[in-house]
1. Give me the net charge of V192's neighbourhood, meaning all other residues with Cβ under 10 Å from the Cβ of V192; Lys, Arg count +1, Asp, Glu -1.
2. Under 9 Å from the Cβ of A88, count the other residues' Cβ atoms, weight Lys and Arg +1, Asp and Glu -1, and hand me the total.
3. Cα centroid distance between the range 114-161 and the range 1-76, in Å?
4. Rolling a 1.4 angstrom probe over the protein heavy atoms, how many square angstrom per residue are accessible across the range 84-243?
5. Could you give me the ³J(HN,Hα) list for the range 146-160, computed from phi with Karplus coefficients 6.51, -1.76, 1.60 and θ = phi - 60°, whole Hz, x at Gly and Pro?
6. Considering only the chain, what is the antiparallel percent among its DSSP beta bridges, to the nearest 5?
7. Rounded to the nearest 500, what is the chain's calculated 222 nm mean residue ellipticity when only DSSP H runs of at least 4 contribute -39500 (n - 2.57) each, over all residues?
8. Taking all protein chains as present, what is the carbon and sulfur share of the accessible area of the range 185-243, in % to the nearest whole number, probe 1.4 Å?
Amino acid sequence: MLETVRGWIAQAQRIAVLTGAGVSAESGVPTFRDTQTGYWAQFNPQEMASERGFRAAPQRVWDWYEHRRAMLVGVQPNAGHQALAVFARRHPGRLALITQNVDGLHQRAGSEGVLCLHGDLAANRWLDRPRVCCDLARAQPGSPPRCAACGNLVRPGVVWFGEDLPPQVLDAAQQAAQACELMLVVGTAGAVYPAAGLAHQARQAGARVVVVNPAPSELDGVAHAVLRGTAAQLLPALLSDPA
Ligand code: APR
């Protein structure tokens, strides 16, 4: 099946890739839903990844995101991230990379124009509509930082459950999903919408869909091919140029 999918990649002028936390697993970044190791096995997502949870316990949520940011300092992109970046460099304009990840590892591997559906862990923004006094560069230090003048809290620049995705990013991702001839769905459980819906849109628009995942996912049923393996093993094998 690997050679078949390599053939599909060679034929496709427009490829969309949708990645999830699994593409960073081999860099040592925990996923969300892998049992035992996943974040959601240790924390309640509604408390740690929602505005309501942040308002209820700002310091607990802020500290968790600071812990995740600190952990990222020590990790490196893996061969899966690198294979995607190299392919895009060798084949300009053929690959649209859409990610649910906020870890910035695709960008650190050299991928450009990454469509980050769920924001960026390294970014901050204001919890309430910023006033003229709110300046992130001069926020009062704390857990979380806040505006010294009006008390507005600083929050992580990621999309939380129940929040809208950045409209321009989602629109670009939907256009890429509808225009592609092939979509690779890598390292996602396919449990969260609208991100997971991009695979359905690609299929409905006539693209071939390939899932790369060591375990069953909710998107296996929309795939023409399911490759049981990891991102760092299979992406280099799939994306390396023919010998
Ligand atoms: N290579 C490829 N896939 C892997 C690997 C690996 N080495 N290790 C685990 N996986 C797969 C798992 O089998 C699982 O299907 O990665 C997937 C990870 O699923 P989740 O933890 O649910 O992550 P994801 O699908 O990206 O979650 C989507 O949910 O919590 C929200 O905003 C958060 O962006 C996240 C979204």
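1. Cβ neighbours under 10 Å give a net charge of 0.
2. Working: positive: R89, R90, R94; negative: E112.
Value of the local net charge: +2.
3. Going from one Cα centre to the other spans 21 Å.
4. 46
5. 8, 6, 5, 7, 10, x, 4, 8, 7, 10, x, x, 10, 8, 9
6. 25
7. Value at 222 nm, helices only: -10000 deg cm²/dmol.
8. Carbon and sulfur atoms account for 54 percent of the accessible area of the range 185-243.
The values are calculated or read from the model by the stated rules, or taken from the named source; none is laboratory data. Only a predicted model underlies this, so the values are computations on that prediction, with no experimental measurement involved. Backbone-built Cβ (ideal geometry, glycine too); neighbour counts: all protein chains shown. All accessible areas refer to the heavy atoms of the entire protein, side chains included, with ligands and DNA or RNA removed. Shrake-Rupley method; radii C 1.70, N 1.55, O 1.52, S 1.80 Å.
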